[in-house]
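For reference, the structure discussed in these notes is given below.
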Amino acid sequence: MGDWTEIQGSVTAPRGYKAAGITAGLKPSGQPDLALIFSETEAIAAGVFTQSQVRAACVDYCRQRLTAKSYAQAILVNAGQANAATGAQGWEDALTSAKKLGEALNIDPDSVLLASTGVIGHRIKMDQMLTGIPQVVSALSVEGGDQASKAIITTDLVTKSIALETMIEGRPVRIGGMCKGSGMIHPNMATMLGFITCDAAVTPHLWQEMLTRAVNKSFNQITVDGDTSTNDTVIALANGQSRTTTITEMGVNAEKLEAMLTAVCQHLAKAIARDGEGATCLVEVQVSGAMDEVSAAKIAKTIVGSSLVKSAIFGRDPNWGRIAGAAGRAGVVFDQNNLRIKLGDFLMMENGQPLPFDRQEASNYLKTASQGAYLKEDTVLISVSVGDGSGCAKAWGCDLSYDYVKINAEYTT
């Protein structure tokens with residue numbers, strides 16, 4: 001635990017933010033599907049987006065806006081249609097949505113950022129969007145964070161949010177966050193949307209650097225199924241309403257703020273991995289002894305993303321050979337005679353040599369984790385050491401179940 005405390009709320013916990021979530025008729029299910037986050041003053045804005053060459057209109061729109069100016073005041077999020085691979089009309093729909101929201105909020109449309117989630121190749125239902133915009137604006141409130149988090153989910157089984165607080169210059173500084181994601185989750189961003197609000201004052205360049213580093217240690221360290229997507233977006237706002245001195249460079253205050261930002265991102269990232277489509281447990285892989293952090297992260301992501309490892313965990317099979325195999329093919333050089341593997345408290349390999357262990361108890365450990373879904377007891381911990389280097393990293397994922405295939409085999413039917 002760092003130098004912060006968890007508090008009630010999510011994106012509206014920091015000062016100067018309101019949020020809302022409504023049912024606009026975008027989803028065929030009739031569930032909430034339009035969310036809005038609003039800062040009462042213009043906020044420094046930073047973003048990290050999908051690496052895919054096939055991108056949704058909202059991704060290109062946000063990149064363009066943040067290149068032009070590093071300030072924003074509102075984030076509009078729709079669920080139901082991804083507005084990806086929709087051509088010129090999809091781009092026009094994005095511009096129209098921003099323009100109409102700017103008018104409804106009486107702000108510059110260039111201060112609006114957009115995000116979408118849903119089926120690729122489907123344009124936003126613009127009649128419902130344009131009718132919903134004034135309704136979601138009217139619903140804005142400081143208690144609206146929970147409703148907003150409900151309005152952005154698709155195949156998620158649970159909403160995902162958190163708020164933390166620390167002290168800087170004797171004043172409370174808060175960061176809140178919410179996200180969605182369950183399938184098409186893999187490093188270098190995934191089918192996930194994440195939104196972070198902060199009331200600290202920080203320069204645009206530094207805030208972007210902080211967000212990029214935090215994402216690399218969180219959202220880029222999770223995997224569910226090896227697929228990335230067209231709409232992946234993480235946007236972070238910082239509006240300065242804590243009235244602390246503007247942070248302009250790295251130092252004690254910047255380090256404290258970045259550590260809290262990273263903690264928020266890691267909490268949300270783990271919530272996505274825990275809620276992986278068809279998953280029964282969260283898997284955390286800790287790697288140490290690598291040459292550097294990049295090498296450790298590469299090994300950790302390879303292990304947690306291995307279909308064989310994930311399947312074994314679902315089958316409650318403590319097959320450490322699959323862990324060793326995944327570590328070996330990660331593309332990182334290490335001496336196999338230094339390999340050490342633990343599953344929970346069960347030491348299975350030391351100095352590259354297999355060790356005897358109670359297979360039934362190890363299987364029971366996996367079974368217990370699968371029965372603790374959404375609880376602290378639901379985590380399968382895999383610890384791997386590859387040498388005596390200083391490189392350490394963590395990655396998160398989930399098991400691979402029969403239900404994953406069923407969910408994605410019937411996604412549009």
Quiz item: Which pairs have Cβ atoms under 9 Å, sit 6 or more apart or on different chains, and link a residue in region 396-407 that is over 13 Å from LEU381 (Cβ atoms) to one that is surrounded by fewer than 13 Cβ atoms within 10 Å (Cβ to Cβ)?
Solution: LEU400/SER307
Quiz item: Is region 293-300 home to any residue that is in contact with an Asp or Glu (Cβ under 8 Å, 6 or more places away or on another chain), within 26 Å of ASN220 (Cβ to Cβ), buried (at least 20 other Cβ atoms within 10 Å of the Cβ) and touching a residue at least 12 places away in the same chain (Cβ under 8 Å)?
Solution: no
Quiz item: When you look at ALA57, is it free of Cβ contacts under 8 Å to residues at least 12 places away in the same chain, hydrophobic (A, V, I, L, M, F, W, C) and more than 22 Å from SER149 (Cβ to Cβ), yes or no?
Solution: no
Quiz item: Does VAL332 qualify as being among the hydrophobic types (A, V, I, L, M, F, W, C) and in a loop (DSSP other than H, G, I, E, B)?
Solution: yes
Practice problem: Tell me, please, whether a residue that is within 13 Å of ALA35 (Cα to Cα), crowded, with 16+ Cβ neighbours inside 10 Å and in contact with a Cys (Cβ under 8 Å, 6 or more places away or on another chain) can be found in region 116-137. | Solution: yes
Quiz item: Among the residues of region 215-264 satisfying the criterion of being modelled with pLDDT of 95 or more and charged (D, E, K, R), which is nearest to GLU40 (Cα to Cα)?
Solution: ARG243
Self-check item: Filtered residue count, region 283-306, keeping only those that are assigned to a helix (DSSP H, G or I) and within 21 Å of the chain's Cα centre (by Cα)
Solution: 12
Self-check item: Tabulated pairs, region 229-244, first outside the structural domain of PHE38 (by TED's automatic domain parsing) and over 14 Å from THR203 (Cα atoms), second assigned to a strand (DSSP E or B) and among the aromatic types (Phe, Trp, Tyr), C-beta under 9 angstrom, 6+ apart or interchain
Solution: none
Quiz prompt | Residues of region 1-44 satisfying the condition of being polar (S, T, N, Q) and farther than 17 Å from ILE107 by Cα | solution = THR5, GLN8, SER10, THR12, THR23, SER29, GLN31
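The values are calculated or read from the model by the stated rules, or taken from the named source; none is laboratory data. This structure is a prediction, so every number in the text was calculated from the model and none was measured. Cβ: placed from backbone, ideal geometry, glycine included. Neighbour counts: every protein chain shown.
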